[in-house]
Amino acid sequence: MSEGLYTAVMGIRDFLKEYFNGFWDYETPKMMVIKNRPLGVIYRAVQFLVITYFIWYVFISQKAYQQSETHPESSVYTLIKGKAEHGDDVLDNVEYAHPPEGVDVISATLRREFTYDQRQGTCPEHFSVDNANCTTDSDCLQGLPNFDSHGIRTGRCIQYHNHPFKTCEIKAWCPIEEYAVVREPPLVQAINFTVFIRNSIHFPKFKVLRVNVESPPGMKTKKYLKRCHYHEETAPYCPNFRLGYIANKARENFTELCRTGGVIGVFINWDCNLDLDPSHCKPTYTFRRLDLRKDLADSGYYYRFAKYYDKNGVESRTLIKAYGIRLDIIVHGQAGKFSVIPTIISTVTALTSVGICSIICDWIMLTFIDKNEVYSERKFDEVTKEPTDTIRTEFSFISSYGSNHSDLSDGVPL
């Protein structure tokens, strides 16, 4: 065995032996009084910060003394109400509100585009579709699938209606939407439509049920709901919201929403302190645009549906593309009530965390102040056996295991 390898093996053996022997040592804290004003100021300042953190943030702000519930049971019912004149017609909520059953997602139609009298047949593809323009039939492969296409290609290249160029012929509902669409003006009166949002929330752990509907004293709920509109201060329990109010709170332009449509989230937050009477548990509402912004090509909210009918014995349909505001009702809730167990846990954690102050100050003392290693010599003692002679210290006489408390106020250069 080479000398270098032998030295390495012996070094590893000594290390393992020293580690094994040290593993069975017992360590106990040693109390020292160090009269150093800067170190004392740091120590009290850190103590103050730790205690302030636990009192103000943990106990007051986060209410760590409470047992909490963050997954309540919730139910939402919605309804859009209002009438509007649109040309010669009067529209009600049956025509512009979808779906009619009132779930946590509801939309109001603000603008429509119609393609009348579509029938199954063949017609030229729109020129904006990729590879739709052609000069001969060989440019149009029969049955070639295309994500943007309105139908299935027949393999023919035909004239695009009365225009001088040609496009590939397709089998589809004809005429296609881009060619024959008729656009209606937006339903601007929808800004005054009312959205009724009823939310019930249940905290089963505390057996508390709350509803966001409550009439003022002396007034019947049904009568109150017919004329009230939500206001944060004057009517916090009125669940009627104007569409214009919702768009304004979401920082959106209602006229632009009529043109492109959009998805707005209605966030209902219940933050209940059940140490107080349950009547203090009130909902708060926030509104935010959820879909892509209007400066992107695919932004907004719209959907298509069709009305089918028989015309001269031929099945026909009217294709409708509807733009509107979709409201997603999203409910968050949490409740808390005083409990002994979390209070004890938080208190013990706070008291334990105060020990951080000593660790920080010890590190400062031994790293930046103890230049002559005076503190480290007094702080760390190694006792291998019980002493037989009495040891005299600055504070007292100790006849066992070394000094337990020492004062380093004199004779130590700082």
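The values are calculated or read from the model by the stated rules, or taken from the named source; none is laboratory data. Note that this is a predicted model, so its numbers are computed, not measured. Backbone-built Cβ (ideal geometry, glycine too); neighbour counts: all protein chains shown. The protein model used for the area step is the full one, side chains on, heavy atoms only, and it has no ligands, DNA or RNA in it. Shrake-Rupley method; radii C 1.70, N 1.55, O 1.52, S 1.80 Å.
Some notes on this structure:
- The separation of the range 114-157 from the range 162-177, counted between C-alpha centres, amounts to 6 Å.
- When both bridge partners sit in the chain, DSSP labels roughly 85% of those beta bridges antiparallel.
- Per residue, the chain exposes 64 Å² of solvent-accessible protein surface, assessed with a 1.4 angstrom probe and all protein chains in place.
- Whether the range 285-341 is rounded, prolate or oblate, judged on the alpha carbon gyration tensor where a/c under 1.5 counts as rounded: oblate
- Scattering profile of the range 126-175 at q = 0.21, 0.28 Å⁻¹ [log10 I(q)/I(0), Debye over alpha-carbon scatterers]: -0.64, -1.16
- Rounded to whole Å, the principal axis extents of the Cα atoms in the range 193-331 read 68, 38, 32, largest first.
- Chymotrypsin sites (Phe, Trp or Tyr not before Pro) within the range 162-267: DSSP coil, no more than 13 neighbouring Cβ in 10 Å: F165
- The calculated 222 nm mean residue ellipticity attributable to helices in the chain amounts to -6500 deg cm²/dmol, summing -39500 (n - 2.57) over DSSP H runs of n ≥ 4 and dividing by all residues.
- Taking a ≥ b ≥ c as the square roots of the eigenvalues of the Cα gyration tensor, the range 237-292 is prolate, since a/c reaches 1.5 or more and a/b is larger than b/c.
- Fraction of accessible area attributable to carbon and sulfur, the chain (%, probe 1.4 Å): 55
- Cβ distances below 4.7 Å define possible disulfide partners, and in the chain the cysteines left without one are C258, C357, C361.
- Cα gyration tensor shape for the range 173-230, rounded if a/c is under 1.5, else prolate or oblate: oblate
- When you restrict to C-alpha pairs under 8 Å that are six or more residues apart and normalise by the size of the range 126-175, the relative contact order lands at 35 percent.
- Loop-exposed GluC sites (Glu not before Pro) per DSSP, neighbour cap 12 Cβ within 10 angstrom, longest uninterrupted part of the chain: 234-372
- Net charge over other residues, Cβ less than 14 angstrom from the Cβ of D117 (K, R count +1; D, E count -1): +1
- GNM result for the chain, Cα springs below 10 Å: residue of V213, V94, V129 fluctuating most strongly: V129
- Across K81/K282; K222/K249; K171/K321; K83/K307; K81/K171, pairs whose alpha-carbon gap is larger than 30 Å: K81/K171
- Neighbour-limited loop hits for chymotrypsin sites (Phe, Trp or Tyr not before Pro), the range 12-102 (at most 11 other Cβ within 10 Å; DSSP other than H, G, I, E, B): W24, Y26
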